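Data block below; observations after.
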Amino acid sequence: MSRMHRHRVRGRISPRRAVQLISAALFNGYAAGFRKGRIFTGGSKAFCVPVLNCYSCPGALGSCPIGALQTALGTRRHFPFYVLGLLTLFGVLLGRAVCGLLCPFGLVQDLLHKIPVPKPAVPQRLDHPARLLKYVVLLALVILLPAFLETETGVVPPLFCKYLCPAGTLEGGIPLLLSDPNLRKAAGALFGWKALTLAVILLASVFIYRPFCKYLCPLGAFYALFNRFSFFQMHVDGQRCVGCGKCEAACPMQVEVTKDVNGPECIRCGKCRSVCPAGAVSSGFACGAKSRREKGRA
């Protein structure tokens with residue numbers, strides 16, 4: 001292969017990256033919002049997108065499901081059947097493929113991780129327990145505290161959005177502050193904390209693959225619950241597998257591909273499939289049906 005041809009191959013956008021870019025553009029397609037510094041308030045804002053995408057982003061055309069879930073629980077006016085139903089639907093259909101293919105903040109982390117610097121490995125004794133934090137965030141900040149915390153007004157603010165969410169700061173807080181001098185004057189210690197949180201996560205993304213997805217994202221935690229039985233699945237053909245270990249070495253989420261390819265940490269990025277020399281790894285909706293048939297025979 002010539003040097004020029006290799007350069008063209010490296011410069012080509014992969015199908016997965018194209019889907020990520022299209023998804024980010026679709027979910028944040030109100031270009032006038034960025035120009036005017038105003039939040040879109042059209043009818044589509046009544047509907048939730050399946051990913052972490054801030055309601056306050058000037059370009060956002062839909063609502064963030066985590067924000068909507070907290071708001072419904074915090075106001076205690078009605079049970080969030082719609083939000084939970086939508087999340088369950090996407091969980092059953094795609095599992096964490098939503099994270100790997102559709103999430104704009106996941107795309108940001110992916111791009112930052114491509115910066116060519118040494119990538120230290122997080123020790124397993126720290127990595128494994130740290131991955132449980134996202135379930136704590138989902139249960140405590142998103143569900144229990146909004147549902148049961150008592151306040152003077154009787155309304156609990158969306159705590160995850162208010163105190164932690166880096167996507168909200170990046171997509172909503174920073175663009176709005178840049179466009180409105182009055183907001184910049186009003187920004188206080190809370191925004192400073194959110195900006196610091198965002199900076200730490202973005203910096204960590206350069207060295208660690210998707211640290212927010214691995215350790216803190218409540219939406220990733222929710223979708224992880226469906227990974228083993230979602231319709232979209234990964235599949236390893238045991239007859240083709242040669243046991244070379246290249247799939248597990250390539251997996252950026254440190255999934256044990258040959259043992260637990262559909263474990264809760266798999267975001268269906270497809271890197272294991274792309275490096276397999278025997279073509280033993282596949283993915284898709286047909287793979288989900290195949291996995292279920294094999295489980296039925298076991």
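Computed values, structure above
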quantity: Qualifying positions in region 23-36 - touching a residue at least 60 places away in the same chain (Cβ under 8 Å) and in contact with a Pro (Cβ under 6 Å, 6 or more places away or on another chain); calculated: A24, F34
quantity: Among (1) farther than 25 Å from C165 by Cα; (2) at pLDDT 95 or above; (3) part of a helix (DSSP H, G or I), the one test that C287 misses; calculated: (2)
quantity: Close pairs (6 angstrom Cβ cut-off, 6 or more residues apart or separate chains): within 15 Å of G284 (Cβ to Cβ) in region 77-103, open to solvent by 50 Å² or more (accessible area, probe 1.4 Å) and not aromatic (F, W, Y) anywhere; calculated: L101/V19
quantity: Single unsatisfied condition, G67 versus (1) free of Cβ contacts under 8 Å to residues at least 60 places away in the same chain; (2) open to solvent by 10 Å² or more (accessible area, probe 1.4 Å); calculated: (1)
quantity: The lone exception for F232 - which of (1) of a type in the set (A, V, I, L, M, F, W, C); (2) touching a strand residue (DSSP E or B) at 6+ places or on another chain (Cβ under 9 Å); (3) surrounded by 23 or more Cβ atoms within 10 Å (Cβ to Cβ) it fails; calculated: (3)
quantity: Candidate set: region 130-142, residues that are among the hydrophobic types (A, V, I, L, M, F, W, C) and open to solvent by less than 60 Å² (accessible area, probe 1.4 Å); chosen: the one farthest from the chain's Cα centre (by Cα); calculated: A140
quantity: Matching residues in region 255-277 - criterion: being buried (at least 16 other Cβ atoms within 10 Å of the Cβ) and in a loop (DSSP other than H, G, I, E, B); calculated: V255, V261, N262, G263, P264, E265, C266, I267, R268, C269, G270, C276
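Here's the yes/no breakdown for (1) without any contact (Cβ under 8 Å) to a residue 40 or more places away in the chain; (2) over 25 Å from L73 (Cβ atoms); (3) not in a helix (DSSP H, G or I):
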{"residue": "P118", "(1), (2), (3)": "no, yes, yes"}
{"residue": "P129", "(1), (2), (3)": "yes, yes, no"}
{"residue": "F160", "(1), (2), (3)": "no, no, no"}
{"residue": "P175", "(1), (2), (3)": "no, yes, no"}
{"residue": "L183", "(1), (2), (3)": "yes, yes, no"}
{"residue": "A199", "(1), (2), (3)": "yes, yes, no"}
{"residue": "Y209", "(1), (2), (3)": "no, yes, yes"}
{"residue": "F212", "(1), (2), (3)": "no, no, no"}
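The values are calculated or read from the model by the stated rules, or taken from the named source; none is laboratory data. Note that this is a predicted model, so its numbers are computed, not measured. Don't worry about glycine lacking a Cβ; one is built from the backbone with ideal geometry, like all the others, and counts go over all protein chains shown. Surface accessibility is based on the protein's heavy atoms, side chains included, excluding ligands, DNA and RNA. Shrake-Rupley method; radii C 1.70, N 1.55, O 1.52, S 1.80 Å.
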